[in-house]
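Asks: The structure's right below; bear with me while I get my questions together.
Where a number appears in this text, it was derived from the coordinates with a stated rule and is not lab data. All figures in this text were calculated on a predicted structure; none of them were measured in a lab. So basically every Cβ, Gly included, is an ideal-geometry build from the backbone, and we count neighbours across all protein chains shown.
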Amino acid sequence: MDEASFAQELQNQLKFWQEALFLRDWTVELRIVRQWDMSDTGTLAQCEWYLQRRDAIIKVLHPDDLPGIQHRFLNGEECDYDVSIVHELLHLHFAPFHTTEDETSHEQAINAISRGMVKVWRAETSTPATVLEKPHGKHGYL
Ligand SMILES: [Zn+2]
């Protein structure tokens, strides 16, 4: 998968999961960004949401920046773009219950649900993980 197909596939994933999770009433923009555009340096994706407007921006880290952070991955999250998209979308459902007091259990619940959903979906559809292959033939970064 080259860079353009990778970006397109992430958009497809966003669209698919937004439908599947009944989040059609949200306007969600997905951006592939470099490390310096992320506010948290230990994560593959992050989400900013505006609950009243039902707007969200999901930022995912460009694969070129993965090797630098992989060794300290990841607050229990996986280096898996599809899981990350589902994870960030689930935050939109949980946004009304979001507190800063118990973020860990909140994150753990979202991690478990997103992993489980993608696992079942891959098993049912035999869809491989979305990865960017580099031109010299090295497969992705997963
Ligand atoms: Zn999260």
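Asks: Could you sort the peptides 18-26, 106-114 by per-residue average Cβ neighbour count (10 Å cutoff), highest mean leading? All intermediate terms of the calculation are to be shown ahead of the outcome.
Replies: Values: 18-26: 13.7, 106-114: 16.1.
Highest-to-lowest ranking by the protection proxy: 106-114, 18-26.
Asks: Return the FRET efficiency for the residue pair Q52, A112: r is the Cβ-Cβ distance, R0 is 25 Å, and the value is rounded to the nearest 0.05.
Replies: Details: r = 28 Å, r/R0 = 1.14.
With R0 = 25 Å, the Cβ-Cβ based efficiency is 0.30.
Asks: Could you give the length gained by full extension between T127 and E19, i.e. 0.36 nm per residue of separation minus their alpha carbon distance, to one decimal place?
Replies: Working: separation 108, 0.36 × 108 = 38.88 nm, distance 1.76 nm.
Gain on stretching T127 to E19: 37.1 nm.
Asks: Let me ask you something else. Report, please, the projected area of the range 3-125 averaged over directions, based on the convex hull of its C-alpha atoms, in nm². Walk me through the numbers before you get to the answer.
Replies: Numbers: hull surface 31.1 nm².
The Cα convex hull of the range 3-125, projected and averaged over all directions, gives 7.8 nm².
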